[in-house]
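*Asks:* Have a look at the structure that comes next, please.
Laboratory data are not the source of any read-out in this text; all were calculated from the coordinates shown. Note that the coordinates shown come from a computational prediction; the quantities given were computed from them, not determined experimentally. Here the Cβ is made from the backbone with ideal geometry for all residues, glycine too, and neighbour counts use every protein chain on show.
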Amino acid sequence: MNVSEAIDTRLTARAFLDTPVEGRVIREILEVARRAPSGGNLQPWHVWVVGGEELVRFKALIREKMSGNPRGEGTEYNIYPPELKEPYKSRRFKVGEDMYATIGVTRDDKLGRLMQFARNFEFFGAPCALFFAIDRQMQQGQWADLGMFMQSIMLLAREHGLHTAPQEAWAIWYKTVGEFLSIPPELMLFCGMGIGHIDPKASINGLRTDRAPLQEFVTFKGV
């Protein structure tokens with residue numbers, strides 16, 4: 001699979017098969033992904049990989065906490081900017097509507113939407129999970145570096161026939177995640193990511209999100 005194919009076929013998988021992923025494969029992906037660029041070669045990323053019985057134990061802990069606190073623990077950063085303006089607000093609204101339409105959940109079906117949101121915290125059934133954190137000293141440039149590192153992982157997963165689900169939703173459980181993983185206090189949890197084999201029969205995985213045309217976001221000068 002070439003890079004163009006990996007980019008074109010990458011999606012946020014929201015239903016995985018329970019087929020195991022060998023630890024060797026995850027290690028190979030991370031070994032190559034560490035070549036991702038970073039300003040000043042700071043390499044500001046920190047990763048935890050969780051699978052097997054440890055992942056089962058962790059998800060059980062989250063389920064227990066969600067039963068009494070479905071909204072989580074708050075976040076340490078804004079997942080989306082407050083007062084999101086156009087065209088970003090409309091894009092976010094549309095992708096949500098399109099996603100729920102794939103599983104027949106209407107806008108007024110609050111329970112159905114809540115149940116689907118809760119699946120984030122099962123990693124959508126993925127057999128392996130990654131968590132990403134960054135040093136609190138880092139600023140916007142290094143957060144961009146972390147994003148490039150994560151993109152590298154997602155594309156390498158496609159090379160191995162796997163799919164991923166990057167999930168900023170995990171930020172609402174930053175305290176529990178931090179305690180479970182023993183994340184040092186000088187690091188901030190950014191997000192989680194499920195990785196595994198996609199369920200090709202799940203209708204929600206048929207979602208193909210829109211992309212703006214070039215003329216909407218590119219300005220050419222002298223080209």
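*Asks:* Which residues make up the longest stretch of the chain clear of chymotrypsin sites (Phe, Trp or Tyr not before Pro) that lie in a DSSP loop with no more than 16 other Cβ atoms within 10 Å, not counting the sites? Write out the running numbers ahead of the final one.
*Replies:* On the way: sites that count: TYR77, PHE220.
Counting only loop sites that pass the neighbour cut-off, the longest clear stretch is 78-219.
*Asks:* Ok, one more. Hey, what number do you get for the chain at 222 nm if only DSSP H runs of n ≥ 4 count, each worth -39500 (n - 2.57), divided across all residues, to the nearest 500?
*Replies:* Values: 8 runs with 91 residues, N = 223.
Theoretical 222 nm ellipticity from helices: -12500 deg cm²/dmol.
*Asks:* Show the residues, 5+ positions off or on another chain, whose built amide H is closer than 5 Å to the amide H of HIS46.
*Replies:* ALA133
*Asks:* Then there is this: What is the order of SER152, SER90, SER182, fewest Cβ neighbours within 10 Å to most?
*Replies:* Working: SER152 18, SER90 11, SER182 7.
If I rank by nearby Cβ atoms, fewest first, I get SER182, SER90, SER152.
*Asks:* Would you order LEU84, LEU146 from fewest to most other beta-carbon atoms within 10 Å of each residue's own beta-carbon? Mind showing how you got there, number by number?
*Replies:* Working: LEU84 14, LEU146 22.
The fewest-first ordering by Cβ neighbours comes to LEU84, LEU146.
*Asks:* Could you pull out every residue, at least 5 positions away or on a different chain, whose amide H is within less than 5 Å of the one on ALA13? Hs are placed 1.01 Å off N in the peptide plane, and Pro or chain starts have none.
*Replies:* Under 5 Å from the amide H of ALA13: THR164, ALA165.
*Asks:* For the pairs LYS65/LYS110; LYS59/LYS110; LYS59/LYS175; LYS89/LYS175; LYS65/LYS85, note any where the Cα-Cα span goes beyond 25 Å. Mind dumping the intermediate values first?
*Replies:* Working: LYS65/LYS110 20 Å; LYS59/LYS110 23 Å; LYS59/LYS175 14 Å; LYS89/LYS175 29 Å; LYS65/LYS85 34 Å.
Long pairs (Cα-Cα over 25 Å): LYS89/LYS175; LYS65/LYS85.
*Asks:* Whole-Hz Karplus ³J(HN,Hα) for region 107-119, in order, using 6.51 cos²θ - 1.76 cosθ + 1.60 and θ = phi - 60°, x for Gly and Pro?
*Replies:* 5, 8, 8, 5, 5, x, 5, 5, 5, 5, 4, 5, 5
*Asks:* Further question: Output ³J(HN,Hα) for region 43-48: one whole-Hz value per residue in order, computed from phi by the Karplus curve 6.51 cos²θ - 1.76 cosθ + 1.60 with θ = phi - 60°, and x for Gly and Pro.
*Replies:* 6, x, 8, 9, 10, 10
*Asks:* In whole Hz, what ³J(HN,Hα) sequence does region 87-102 give by Karplus (6.51, -1.76, 1.60; θ = phi - 60°), x for Gly and Pro?
*Replies:* x, 5, 4, 5, 4, 5, 4, 5, 5, x, 4, 5, 5, 5, 5, 5
*Asks:* Can you give the percent of C-alpha pairs in the chain whose distance is more than 28 Å?
*Replies:* Values: 8065 of 24753 pairs.
Tail fraction, whole percent: 33.
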